[in-house]
Amino acid sequence: MKHNPLDESKSVSDEAVRWFARLHSGDATEDTRRQFEAWRSSSPLHALEYEGIRAVWEDLDGIKTGPGHKRSRKKTVSRPPVFPQDKLHKGGMARWGTSLVAMLLLFLGGSFWLSDAWDHLASDFYTNPGELKTLNLADGSKVYLDADSALSVDFSPQQRRLVLDRGGALFVVSEDKKRPFEVVAGEGTVRALGTAFEVRKKLDQVIVKVLDSEVQVTRDFSKVNLVPGQKIHYGSNTGLSEVESVDRGQIAIWRRGKLAFDNQQLGEVINEVNRYRKGVILILDEKLRTSRVSGIFDISDPDAVLRALQSTLPIRVHRVTSYLVFIDQTDSPAPAL
């Protein structure tokens, strides 16, 4: 398996962007700043990523004010910059949205795109956000590749081996008793003993669901056979889970243009929605990520998920642009969009 060297820096970049956005949202408290300082001082990489974002912000501010504006070039210490309160509150995010968009394109967006680029370069087939693709393999098998996914294919006279580098896919396998059909995802392998099954790779977790016939899932030295209507999951640091039942009608529901969530965490939901829309939705308050969400939504209108979430959860949705959306917590009833 190929190791993606961007994983760690991408995660830290994401955290640094969240901290920068929270510190300059106009709602930062002393407790927020103390939490930030604890995060920044916990690792040299944290401080480095944050300083990079702060420097870009200052450069963008210089571009905004123009060459005639005199700015001090004195070197600053690595502390969160303090902006005038009127600049933070008057007009809210609209006042600094342009610079923030540029900043995120360079850091948060850049880290996503670099990660995408790595997966694309390392794979044979890939899809962009919102794009679905059907692959007709040489052996007659079909792969339905979900949005924002990447897949590698290695066929030989002895085996049929595929690697799910990213995202998810539904595999409909053509029978060939001489050549096993195997899908490698994360730290495990799924061997087809029949025809149709779905594999989804979510960060450090892989989920396998069986639609028809049977598959064998292997993780380290453990093996489990699944039959239709069953699922299992495993992670980079965990073994095979217990076998669970799953509604076969919900397997690969994205092929029918739907997103289905059953008591899933908000963080997982937003990760999925990001797969079907251009741009990025970012949760600023980490506590919100564990909020539970259920529902079925239309892929053709992923922003409908945001509207539904805002009507049912204590959140605020900040639309900086159509490509950049922030989700934060609010103690007041959510406004209608």
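See the values below:
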item	result
Number of positions in the stretch 142-161 that are among the hydroxyl-bearing types (S, T, Y) and closer than 12 Å to P180 by Cβ	1
Of all residues in the stretch 147-185 being part of a loop (DSSP other than H, G, I, E, B) and in contact with a Phe, Trp or Tyr (Cβ under 7 Å, 6 or more places away or on another chain), the one that is farthest from W254 (Cα to Cα)	V173
Residues of the stretch 271-318 satisfying the condition of being more than 15 Å from A21 (Cβ to Cβ) and among the acidic types (D, E)	E272, D298, D301, D303
The stretch 247-291 - residue that is surrounded by 15 or more Cβ atoms within 10 Å (Cβ to Cβ) and among the small types (G, A, S) and, of those, farthest from the chain's Cα centre (by Cα)	A252
Subset of the stretch 24-52 (residues that are under 17 Å from D285 (Cα atoms) and modelled with pLDDT of 80 or more)	T29, E30, D31, T32, R33, R34, Q35, F36, E37, A38, W39, R40
Residue pairs meeting the criteria (Cβ under 9 Å; at least 6 apart or on separate chains; first farther than 18 Å from G229 by Cα, in the stretch 249-267; second aromatic (F, W, Y) and not in a helix (DSSP H, G or I))	K258/F297; L259/Y276; L259/F297
Any hit, the stretch 306-318, residues being surrounded by fewer than 16 Cβ atoms within 10 Å (Cβ to Cβ), within 18 Å of the chain's Cα centre (by Cα) and not hydrophobic (A, V, I, L, M, F, W, C)	no
Pairs where the first residue, in the stretch 317-328, is within 12 Å of N274 (Cα to Cα) and the second is assigned to a strand (DSSP E or B) and among the charged types (D, E, K, R), C-beta under 6 Å, 6+ apart	V325/R319
Matching residues, the stretch 231-285, being part of a loop (DSSP other than H, G, I, E, B) and within 20 Å of A196 (Cα to Cα)	V243, V246, D247, I251, A252, G257
Yes/no for S222 being surrounded by fewer than 20 Cβ atoms within 10 Å (Cβ to Cβ), in contact (Cβ under 8 Å) with a residue 12 or more places away in the chain and within 21 Å of D247 (Cβ to Cβ)	no
Check on R289, assigned to a helix (DSSP H, G or I), touching a helix residue (DSSP H, G or I) at 6+ places or on another chain (Cβ under 8 Å) and among the basic types (K, R)	yes
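Residue-by-condition table, conditions (1) assigned by TED's automatic domain parsing to the domain that holds E175; (2) in a helix (DSSP H, G or I); (3) at pLDDT 55 or above; (4) touching a helix residue (DSSP H, G or I) at 6+ places or on another chain (Cβ under 9 Å):
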residue: A102; (1), (2), (3), (4): no, yes, no, yes
residue: G109; (1), (2), (3), (4): no, yes, no, yes
residue: F112; (1), (2), (3), (4): no, yes, no, yes
residue: G130; (1), (2), (3), (4): yes, no, yes, no
residue: T134; (1), (2), (3), (4): yes, no, yes, no
residue: A138; (1), (2), (3), (4): yes, no, yes, no
residue: Y144; (1), (2), (3), (4): yes, no, yes, yes
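The values are calculated or read from the model by the stated rules, or taken from the named source; none is laboratory data. This one's a predicted model, so the numbers in the text were calculated from it and none came from an experiment. Cβ: placed from backbone, ideal geometry, glycine included. Neighbour counts: every protein chain shown.
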